[in-house]
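Trainee: Here it is, the structure in full.
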Amino acid sequence: LLLLFRGKKLTDGDATLADLKIKDRTRLMLLHGPEYGKDKAGIEALQAVKKELHDLENDEGIAPKVIEEMVTRACIKLDNIDVSGSDTLRGLRREALRRAHDLGDKRGHTAAEF
């Protein structure tokens, strides 16, 4: 991400707004850096799968077998996302895979108790 103030890129990551003499109610601009352009397709694909998992997690009326199948499909989609050596995408994908596995385990245990 890039932070701009009066058209200049702020590069000192340790400086506070006071250090930079930026006063209250000053307008700043935050832009995606060049890395985002490289990772954009992967980020959008990850967000779509995370939304599917979120919707699946919140739908209590789905049978355990269907949940198992949907989690498997989500994992396959996540495996097919090209991270192109991006540590950011790799971490986001790992987080989404963990969430998918947790969802499968949680809903599977609930079904086994019935």
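Trainee: How large, in Å, is the chain by the Kirkwood hydrodynamic radius built from its alpha-carbon pairs?
Mentor: Computed over Cα pairs of the chain, the Kirkwood hydrodynamic radius comes out at 17.0 Å.
Trainee: Sorted from largest down, what three extents in whole angstroms do the Cα atoms of the range 67-111 have along their principal axes?
Mentor: Largest first, the range 67-111 extends 38, 15, 6 Å along its Cα principal axes.
Trainee: Using a 1.4 angstrom probe, figure out how much accessible area the chain has per residue, in square angstrom, rounded to the nearest whole.
Mentor: 76
Trainee: Taking 18 Å as the cut-off for C-alpha to C-alpha distance, list the pairs among Lys65/Lys106; Lys8/Lys40; Lys50/Lys77; Lys51/Lys77 that go past it.
Mentor: Distance filter (> 18 Å) returns Lys8/Lys40.
Trainee: Follow-up question, since we're still on this one. Using a 10 Å cut-off on Cβ atoms, rank the peptides 84-91, 12-19, 73-80, 42-49 from the highest mean neighbour count down.
Mentor: The most tightly packed comes first, giving 42-49, 73-80, 84-91, 12-19.
Trainee: Moving to a separate point now. Per residue and in cubic angstrom, what volume does the convex hull of the Cα atoms of the range 1-51 have?
Mentor: Per-residue hull volume (Cα only) is 115 Å³.
Trainee: Under a Cβ-Cβ cut-off of 15 Å, what is the net charge of the residues other than Arg94 that fall near it, where Lys and Arg count +1 and Asp and Glu count -1?
Mentor: Once all neighbours under 15 Å are counted, the net charge is 0.
Trainee: Over all alpha-carbon pairs of the range 31-96, lay out the pair-distance distribution in 5 Å bins, whole %, shortest bin first.
Mentor: P(r) for the range 31-96, in whole percents per bin: 3, 17, 26, 20, 14, 9, 6, 3, 1.
Trainee: Oh, and also: Work out how much length Thr72 to Ala18 would gain on full extension: take 0.36 nm times their residue separation and subtract the Cα-Cα distance, in nm to one decimal.
Mentor: Length gained, Thr72 through Ala18: 14.5 nm.
The values are calculated or read from the model by the stated rules, or taken from the named source; none is laboratory data. Computed from a predicted structure; not experimentally measured. We place every Cβ from the backbone using ideal geometry, glycine too, and count neighbours over all the protein chains shown. Accessible surface areas use protein heavy atoms only, side chains included; no ligands, DNA or RNA. Shrake-Rupley method; radii C 1.70, N 1.55, O 1.52, S 1.80 Å.
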